[in-house]
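Let me begin by presenting the structure, written as structure tokens, before commenting on it.
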Amino acid sequence: MRRLTTLFPSELLEEHAEELGVVEREGKLQIPVLVWALVFGFAAGESRTLAGFRRCYNSTADETISPGGFHQRLTPTLAEYLRDLVERGLDEVAVPNAVDADIDRFRDVMIADGTVLRLHEFLSDEFQARHEEQAGAKLHLLHNATDKMIERLDVTDEKTHDSTLFKTGSWLQGRLVLLDLAYFKYRRFAL
């Protein structure tokens, strides 16, 4: 935690938020508390809902924010601000020229992953979930980290296994693919 707070001091968080116009006027929102609530409370917690994020923020802020006021602050400008912070963090911790020569033989680094999006139960006919009385969609992405672009994007119901949407073939030649156990198949590794 000390490394993060040194990398992102409160003054820097507030100044950059002001530069981008994240906070339009002086008010209740405390930017450093919002960032740390997102990093340590919301993203790492069990309940990853916007209500959980707001509760985490309110538990550490000097003044609480109502649900409506909190949701109004979740803007594209805030997303840009958070993206800038991630880029700054990556720039600070990246070690230049630390890439092994073995990695240079790959023309692209690809990342495959999927995530579940919880939907309202009224959508359960279209997006079947693993549990009854729920609905869930699954977002499958194949990201080209080298070119910084999405190669493939699929949206399915929650029951669709990640592995079924990851097609192996000649397109893999010369590429390093990062994936988790959901994609595990001996045949895939052989290819």
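Read-outs: derived from the displayed coordinates by stated rules, not from any lab. On a predicted model such as this, the values are computed, not experimentally measured, just so you know. Here Cβ is always computed from backbone atoms with ideal geometry, including for glycine, and neighbour counts include all displayed protein chains.
Net charge around Glu121, counting only other residues with Cβ within less than 14 Å of its Cβ (Lys, Arg = +1; Asp, Glu = -1)?
Computed value for this residue: -4.
Taking 0.36 nm per residue of separation and subtracting the Cα-Cα distance, full extension of the segment from Glu19 to Asp108 would add 28.5 nm. Only one residue of Thr146, Gln173, Thr5 has its Cα farthest out toward the positive end of the dipole of the chain, where Lys and Arg carry +1 and Asp and Glu -1 on Cβ, and that residue is Gln173.
Taking a ≥ b ≥ c as the square roots of the eigenvalues of the alpha-carbon gyration tensor, the chain is classed oblate because a/c is 1.5 or more while a/b is no larger than b/c. Only Lys, Arg, Asp and Glu carry charge here, each on its Cβ (+1 for the first two, -1 for the last two); on that basis the range 2-93 has a dipole of about 540 debye about its Cα centre. Here r is the Cβ-Cβ distance between Arg130 and Arg88 and R0 is 41 Å; the resulting FRET efficiency, rounded to 0.05, is 0.60. If you sort the three axes of the alpha carbon gyration tensor as a ≥ b ≥ c, you get a/c of 1.5 or more for the range 104-190 and a/b above b/c, which makes it prolate. What range in the chain is the longest one free of GluC sites (Glu not before Pro) that are in a loop by DSSP and have at most 14 other Cβ atoms within 10 angstrom? Excluding the exposed sites themselves, the longest stretch runs over 64-125.
Sites listed here are trypsin sites (Lys or Arg not before Pro) in the range 47-90 whose DSSP assignment is loop and whose Cβ has at most 16 other Cβ atoms within 10 Å: Arg48. Of all lysines in the structure, those lying under 27 Å Cα to Cα from Lys185, and not within fewer than 8 positions of it along the same chain, are Lys138, Lys148, Lys159, Lys167. Each of Thr160, Thr6 was scored by other Cβ atoms within 10 Å of its Cβ. Arranged with the fewest first, they read Thr6, Thr160.
Taking Phe166, Phe122, Phe70 in turn, the Gaussian network model of the chain (Cα-Cα springs below 10 Å) assigns the largest fluctuation to Phe122. Each label was represented as a point 7 Å from its Cα along the Cα-to-Cβ direction; for Val116 and Phe40 these points are 2.9 nm apart.
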